[in-house]
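Peer 1: Below is a structure I'd like to ask you about.
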Amino acid sequence: MILRGWHVDGFGVWRDHRVEDLAAGLNVLLGPNEIGKSTLHAFVRCVLYGFPDGRSREPAHEPVHGGDHGGRLFLETEEGPLVVERTARNRRAPAILDGAGRRLEPGRLAALLRGADREVFRHV
């Protein structure tokens, strides 16, 4: 599974922010402090693993500038392109769409993550 891009509807300081076609290999996000790099990392984590609930110490990153709290990730997989979409309103299961826009079973995401849980992703 390769992350090729994202579309943030609303998450922290990000609103209607779209990036597609990340380069093959390692991509580095560089910017001054407080520009939103860690917030973007949290966004990817929330779309993949779910938004924190009220009991969590993890910040919710409510949209500062509006937009639907959430967004989508564009992935490249062995099976072709996929889109994973999740919002804070639907904390449980993300929408997973194949390249033709057909909805796949939510369990497909766990298989793509190959056992990498939220904490592993946080530390990578």
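The values are calculated or read from the model by the stated rules, or taken from the named source; none is laboratory data. Bear in mind that the values here come from a model prediction, so they are computed numbers and not experimental data. We place every Cβ from the backbone using ideal geometry, glycine too, and count neighbours over all the protein chains shown. Surface areas here come from the heavy atoms of the whole protein model, side chains and all, with no ligands, DNA or RNA. Shrake-Rupley method; radii C 1.70, N 1.55, O 1.52, S 1.80 Å.
Peer 1: Which of ARG55, ARG45, ARG108 moves the most in a Gaussian network model of the chain with Cα springs under 10 Å?
Peer 2: ARG55
Peer 1: For the chain, set up a GNM with springs between Cα atoms under 10 Å and report which of LEU29, LEU82, LEU113 has the largest fluctuation.
Peer 2: Evaluated over the chain, the most mobile residue of the options is LEU29.
Peer 1: Run lengths n ≥ 4 of DSSP H only: what is the helix-derived mean residue ellipticity at 222 nm for the chain, with -39500 (n - 2.57) per run over all residues, to the nearest 500?
Peer 2: -6000 deg cm²/dmol
Peer 1: From the protein chains alone at 1.4 Å, what is the descending order of accessible area for TRP6, TRP14, largest first?
Peer 2: On the way: TRP6 15, TRP14 55 Å².
The residues order as TRP14, TRP6, largest area first.
Peer 1: Averaged per residue, what accessible area in Å² does the range 1-55 show with a 1.4 Å probe, protein chains only?
Peer 2: Working: 3290 Å² over 55 residues.
That works out to 60 Å² per residue.
Peer 1: Of GLU85, GLU105, which has the most accessible area and how do the rest follow, probe 1.4 Å?
Peer 2: Largest accessible area first, the residues go GLU105, GLU85.
Peer 1: Normalise the Debye intensity by I(0) for the range 1-117, one equal point scatterer per Cα, no solvent, then take log10 at q = 0.09, 0.19 Å⁻¹ and round to two decimals.
Peer 2: Values, matching the q order: -0.23, -1.07.
Peer 1: If a paramagnetic tag sat 7 Å from the Cα of ASN90 along the Cα-Cβ line, which residues of the range 51-78 would have the backbone N under 11 Å from that point?
Peer 2: 71
Peer 1: What relative contact order, as a whole-number percentage, does the chain give when Cα pairs under 8 Å and 6 or more residues apart are counted?
Peer 2: In percent, rounded to a whole number, it is 27.
Peer 1: Can you pull the one-decimal nm distance between simple spin-label points at HIS65 and VAL120, each 7 Å off the Cα toward Cβ?
Peer 2: Between HIS65 and VAL120, the simple spin-label model gives 3.5 nm.
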